[in-house]
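Engineer: Right, I'll just put the structure down here and ask away after.
Any read-out appearing in this document is the output of simple, stated calculations on the displayed coordinates, not a laboratory observation. Every value quoted in this text rests on a predicted model; they were computed, and no experiment measured them. Note that we place each Cβ from the backbone using ideal geometry, even for glycine, and neighbour counts take in every protein chain shown.
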Amino acid sequence: MPELPEVETVRRSLQPIVGRRIEAVEVFDGRLRRPLAADFASRLAGRCITAIDRRAKYLLVRLSGGDTLLAHLGMSGALLLQPAGTARVEHDHVRLQLSGRVQLAFNDPRRFGLLRVGRGDRFTELDHIGLDPLDDTFSLGNLVTLARGRKKPVKNLLMDQRALGGIGNIYANEILFRARIRPGRQARRLTRAELARLFDATRAVLAHAIELGGSSISDYRDASGRPGYFHLRLSVYDRAGAPCPRCRTAVRRAVHAGRSSFYCPTCQK
Ligand SMILES: [Zn+2]
């Protein structure tokens, strides 16, 4: 499932559509996570794309006139920028024909993705999203506040979309490895020094992943939404039994809130 760095990589890869006009909207199959609204195509046609923003794992394609196209990639969605006339392939559910002879295809085999048009930022989907860990306003003080009083494992805090938006299981494990904190530790028991390491690790792991994803943007367009992860050298995620890259101790697996956690029992305390 795409996490914040993959979505940010997509956002950057889509910059060439800013300034283009939506000339036609093709809906082949509107049965996504929520069915496409009846006025989906009519609200997009004729609009110009003025900017693309991101909040957590949501993309906000800003349109002339004040509307926004909200997009979420779900489990398997991809937004593919193609030359006009590129043949439709299986699972291309929606296509926007843009000025300058390019088209934007939304391809999603599992259909958990979302496309909605609304005004500005007024989407119920965005109402309960927590802080964006890469936003300039996100601070160590925010993280200290979030951890206060939380008995749940710190990994759950990282993945709680109402607290922090955009971190999933892969990056939560990698962040905790970098911060040298075990995933099952109670968030409220972390020391100020540990929270400072966690804050730094969160920013560093996400920023590094975006850097690697950014270098693979051209691959991303050809492929179907996964390569971002292939470029990331994972330290612990899905590596149970393999040597820790820092100390060679075998990586362990545990389960927290039904999700696999991976950690080094020597480096992570
Ligand atoms: Zn280790």
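Engineer: Can you bin segment 122-182 into rounded, prolate or oblate? Criterion: square roots of the alpha carbon gyration tensor eigenvalues sorted a ≥ b ≥ c, rounded for a/c under 1.5, prolate for a/b above b/c, oblate for the rest.
Structural biologist: Verdict is prolate for segment 122-182.
Engineer: What fraction of the Cα pairs in segment 147-206, stated in percent, has a spacing above 18 angstrom?
Structural biologist: Across segment 147-206, Cα pairs with separations above 18 Å total 20 percent.
Engineer: Sticking with this one: Kindly provide the helix-only [θ] at 222 nm of the chain, computed as the sum of -39,500 (n - 2.57) over DSSP H runs of four or more divided by all residues, to the nearest 500 deg cm²/dmol? Before the final figure, lay out each step's value.
Structural biologist: Details: 8 runs with 73 residues, N = 269.
About -7500 deg cm²/dmol.
Engineer: Which whole-Hz couplings ³J(HN,Hα) result when phi for each residue of segment 235-245 is put into the Karplus expression 6.51 cos²θ - 1.76 cosθ + 1.60, θ = phi - 60°, listed in order with x for Gly and Pro?
Structural biologist: Result, ordered by residue: 7, 10, 4, 6, 10, 3, x, 7, x, 4, x Hz.
Engineer: Next up: Convert each backbone phi in segment 68-75 into a coupling constant with the Karplus relation 6.51 cos²θ - 1.76 cosθ + 1.60 (shift: θ = phi - 60°), then list the ³J(HN,Hα) values in order as whole Hz, x for Gly and Pro.
Structural biologist: Karplus-based 3J(HN,Hα) across segment 68-75 equals 10, 9, 8, 10, 10, 7, x, 8 Hz.
Engineer: Counting only residues 5 or more places away or on other chains, whose amide H sits under 5 Å from the amide H of Q103 once H atoms are built in the peptide plane?
Structural biologist: Long-range HN contacts for Q103: Q82, A84, L98.
Engineer: To make sure I understand the rule: partners must be lysines, Cα under 24 Å from the Cα of K57, and not fewer than 8 residues away in the same chain. Which ones qualify?
Structural biologist: K57 reaches K152, K155.
Engineer: Give me the dipole magnitude in Debye, nearest 20, for segment 89-157 about the Cα centre, with unit charges on the beta carbon: positive for Lys and Arg, negative for Asp and Glu.
Structural biologist: Details: 12 positive and 9 negative charges, 70 e Å.
Here segment 89-157 has a charge dipole of around 340 debye.
Engineer: A further question on this structure: Just check segment 18-80 against the gyration tensor rule for me: Cα atoms, a ≥ b ≥ c as the square roots of the eigenvalues, rounded for a/c under 1.5, and otherwise prolate or oblate depending on whether a/b exceeds b/c.
Structural biologist: Cα axes put segment 18-80 in the oblate bin.
Engineer: Right, here's the next one. For segment 54-169, count all C-alpha to C-alpha pairs, find those more than 21 Å apart, and express that count as a whole percent of the total. Let's see the in-between values first.
Structural biologist: Numbers: 3388 of 6670 pairs.
Value for segment 54-169: 51 percent of Cα pairs lie more than 21 Å apart.
Engineer: With springs connecting C-alpha atoms under 10 Å apart, model the chain as a Gaussian network and identify which of D136, D160, D67 has the largest mean-square fluctuation.
Structural biologist: Of the options given, D136 has the highest mean-square fluctuation.
Engineer: Could you tell me the distance between the Cα centroids of segment 1-72 and segment 241-269, to the nearest Å?
Structural biologist: 38 Å
Engineer: Does the chain come out rounded, prolate or oblate by the C-alpha gyration tensor, with a ≥ b ≥ c the root eigenvalues, rounded set by a/c under 1.5 and, if not, prolate when a/b is larger than b/c and oblate if not?
Structural biologist: Cα axes put the chain in the prolate bin.
Engineer: Also, I was wondering about something else. Per 0.36 nm of contour for each residue apart, how much would the distance between R111 and A257 grow if the chain were fully extended, relative to their Cα-Cα spacing? Could the numbers behind the result be given before it?
Structural biologist: Working: separation 146, 0.36 × 146 = 52.56 nm, distance 2.49 nm.
Gain in length upon complete extension: 50.1 nm.
Engineer: Given labels modelled 7 Å from the Cα in the Cβ direction, how far is it in nm from D136 to C48?
Structural biologist: Computed distance between label sites D136 and C48 equals 2.6 nm.
Engineer: Can you give me the long-range amide H partners of S261? Hydrogens built in the peptide plane at 1.01 Å from N, cutoff under 5 Å, separation of 5 or more residues or another chain.
Structural biologist: Residues meeting the amide H criterion: A254, V255, H256.
Engineer: Helix by helix, which DSSP H runs in the chain go 24 Å or more along their axis at the Cα atoms and have an average Kyte-Doolittle hydropathy of -1.0 or more?
Structural biologist: 192-214
Engineer: Could you work out how much longer the chain between A207 and K151 gets when fully extended? Use 0.36 nm per residue separation minus the Cα distance between them, nm to one decimal.
Structural biologist: Length gained, A207 through K151: 17.3 nm.
Engineer: May I ask you to evaluate 6.51 cos²θ - 1.76 cosθ + 1.60, the Karplus curve with θ = phi - 60°, for each residue of segment 103-113 and list the ³J(HN,Hα) values in order in whole Hz, giving x for glycine and proline?
Structural biologist: Residue by residue, segment 103-113 yields 9, 10, 9, 9, 10, 7, x, 9, 6, 8, x Hz.
Engineer: Okay, moving on. Under unit Cβ charges (Lys, Arg +1; Asp, Glu -1), what dipole magnitude, rounded to 20 debye, does the chain have relative to its Cα centre?
Structural biologist: Working: 46 positive and 26 negative charges, 274 e Å.
Around 1320 debye, computed over the chain.
Engineer: Identify unpaired cysteines across the chain, taking unpaired to mean no other cysteine Cβ lies under 4.7 Å from the residue's Cβ.
Structural biologist: Lone cysteines by the Cβ rule: C48, C247.
Engineer: For the chain, build the charge dipole from Cβ charges (+1 Lys, Arg; -1 Asp, Glu) around the Cα centre, then report which of L115, G141, A254 sits farthest towards its positive end.
Structural biologist: A254
Engineer: Using +1 at the C-beta of Lys and Arg and -1 at the C-beta of Asp and Glu, which of L60, T191, A24 has the Cα lying farthest in the positive direction of the dipole of the chain?
Structural biologist: The residue sitting most towards the positive pole is T191.
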